[in-house]
């Protein structure tokens, strides 16, 4: 299935939930969706016979300065096609529905996105830090992150 | 280097196979030639370190045997980036080792933070901030040959170390510094006790 066909299927099924689509040469085509419908759309993409996205290749947190976001890279091992999905959430209330029930892979990916960007994945069963220590303050990959002066008495700056 | 150097100039008056030396020489010779290290790797330097262990470079010819426990090992090789999370564990491992103990810092990360020196919010900028280092091996990562050079330097250092009457051989300034440090620690402890009593009472 070509990327245009996949976008067509999504627009037909979900209509307003699809915000925009971008197909440019030399770039990975992607589609923007509204955060409320993430779980429905992901389940649709996973379960439809002709889509069958059975593999969540990557789930990344993003900081767009004004807003935060999540990027999902999906791949179908059976049909050998791929799609990129993006969502944006406000920085003040970064709540995203969790898809850890759709693909188990998303469990640790979402924990990482929470750890690094402070995105709150609603519905995740064990949303704790995964890379930094549990008592770490702040979310390091945010653009406004300030490096700490010390951690447990260890000086951090050079 | 220590006792073995004297093999070339034996004590001729008594015979060609007599070597005169001190007990210290003998003990240091034993210590330098049977260093057991902790099999412990942190990051990509550990890969190079594994190469040193393998047949081509053969670390065992230095008398170094990997030990799985800090309680059995003589020295520890900090092979890789020391993150803040790991720094506490590294310190704990070092404290569990029995004296005499030595530390070899391998690679730029363990020496000074390496590529993470400026923006590494999670990296300890040099393992010498938590434990005392005897030998620094530069490189990113160091070649196995560089590591072997570090091993030779460590053996040199061990074979020259003082064992008996250490205090008497210290310089006056060093002894004064030790006394000052003792005093400062006592004061610190007194303050701590005072605080504890205040919290209790």
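We did not get these values from a lab; they are worked out from the coordinates using the rules stated. If you're wondering where the values come from, they're calculated on a predicted model, not measured in any experiment. Methodologically, a virtual Cβ is constructed for each residue, glycine included, from the backbone with ideal geometry; neighbour enumeration extends over all protein chains shown.
Laid out as a table, the results:
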{"quantity": "Percent breakdown of C-alpha pair distances by 5 Å bin, ordered from the shortest bin, for segment A:1-131", "calculated": "2, 10, 21, 25, 21, 13, 6, 2"}
{"quantity": "Fewest-first sequence of B:86, B:60, A:42 by Cβ atoms within 10 Å of each Cβ", "calculated": "B:60, B:86, A:42"}
{"quantity": "Helix-only mean residue ellipticity at 222 nm for chain B, each DSSP H run of n ≥ 4 adding -39500 (n - 2.57), per residue, nearest 500", "calculated": "-14000 deg cm²/dmol"}
{"quantity": "DSSP bridge orientation in the protein assembly as shown - percent antiparallel, rounded to nearest 5", "calculated": "55"}
{"quantity": "Percent RCO, i.e. relative contact order, over chain A, from Cα pairs under 8 Å lying at least 6 residues apart", "calculated": "17"}
{"quantity": "Helix-only CD estimate at 222 nm, as mean residue ellipticity for chain A, using -39500 (n - 2.57) per DSSP H run (n ≥ 4)", "calculated": "-6500 deg cm²/dmol"}
{"quantity": "Among B:154, B:84, B:20, residue whose mean-square fluctuation peaks in a GNM of chain B (springs only between Cα atoms under 10 Å)", "calculated": "B:20"}
{"quantity": "Ranked A:114, A:145, criterion: other C-beta atoms within 10 Å, fewest first", "calculated": "A:145, A:114"}
{"quantity": "Pairs of alpha carbons in segment B:161-201 whose separation is greater than 16 Å (percent)", "calculated": "56"}
{"quantity": "Cα Rg, Dmax (largest Cα-Cα span) when computed across segment A:15-91, Å", "calculated": "12.7, 38"}
{"quantity": "Segment A:37-124 - percent relative contact order, Cα under 8 Å, separation 6 or more", "calculated": "26"}
{"quantity": "Alpha carbon centroid spacing (whole Å) that separates segment A:97-134 from segment B:65-100", "calculated": "32"}
{"quantity": "Calculated diffusion of the protein assembly as shown, Stokes-Einstein form, Kirkwood radius summed over Cα pairs, 25 °C and 0.890 mPa s, µm²/s", "calculated": "96"}
{"quantity": "Neighbour-count order for B:34, A:34, fewest beta carbons within 10 angstrom listed first", "calculated": "B:34, A:34"}
{"quantity": "Calculated diffusion of segment A:104-158, Stokes-Einstein form, Kirkwood radius summed over Cα pairs, 25 °C and 0.890 mPa s, µm²/s", "calculated": "200"}
{"quantity": "Contact order normalised by residue count of chain B, Cα under 8 Å, 6+ apart, percent", "calculated": "19"}
{"quantity": "For chain B, the spread of Cα positions along each principal axis, largest first, Å", "calculated": "75, 43, 29"}
{"quantity": "Average beta-carbon neighbours from other chains, 10 Å sphere, peptide A:146-152", "calculated": "3"}
{"quantity": "Neighbouring partner chain Cβ atoms per residue of B:118-125, average, 10 Å criterion", "calculated": "5"}
